[in-house]
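Below is one structure, written out as structure tokens; comments come after it.
What follows draws every value from the coordinates through simple rules; no lab data is involved. Quick caveat, the model's predicted, so the values are computed rather than measured. In this analysis, Cβ positions are derived from the backbone assuming ideal geometry, glycine residues included, and neighbour counts consider all displayed protein chains.
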Amino acid sequence: MQKYVMLSLFLVAVVFAVVFSLTAIDGGEEAAEEEVKENELRIVAENFKFDQAEYTIEAGKTMIISMKNKPGGGIHGVEIEGTDINLQDGQSAEYTFEPGTYNIHCSVMCGTGHAEMVSKLIVTEPSGDAGQEEQPADQAEEQPAA
Ligand SMILES: [Cu+2]
């Protein structure tokens, strides 16, 4: 019988260890949040400009568009015209762009330089390995109803 008591104590210890290590991993993920992913376009805003006058990405890839305010640089937003993307600090959105040039502007009334806070997103034709993206447009509708 004593064996079972010991086993229970051991299991409790294991559960605690797992919980603590998960907490540690959570903290690690928060720290790693600053890292920009391979398919991510990070736009950083400050009074009264974006970190690039134009951003270039490739069409046909699912991109993560993310937005950050530079610390001490005021509060801004990123709106990409022609899409439904309108991001505040720390937000991100997934989007697959068509080739073309999109206007970016600040979406938060941030002050005297607000109207100057513009940039461009240049989306180039997909290069090389675009073949796998070429699927019939009506494919989604062919899925059997659940
Ligand atoms: Cu603004």
| Is it the case that the range 93-106 has a residue that's within 16 Å of the ligand (Cβ to nearest atom) and either exposed (fewer than 15 other Cβ atoms within 10 Å of the Cβ) or of a type in the set (Gly, Ala, Ser) (or both)? | yes
| query | How many residues does the range 45-83 hold that are buried (at least 17 other Cβ atoms within 10 Å of the Cβ), in a loop (DSSP other than H, G, I, E, B) and within 16 Å of the ligand (Cβ to nearest atom)? | reply | 5
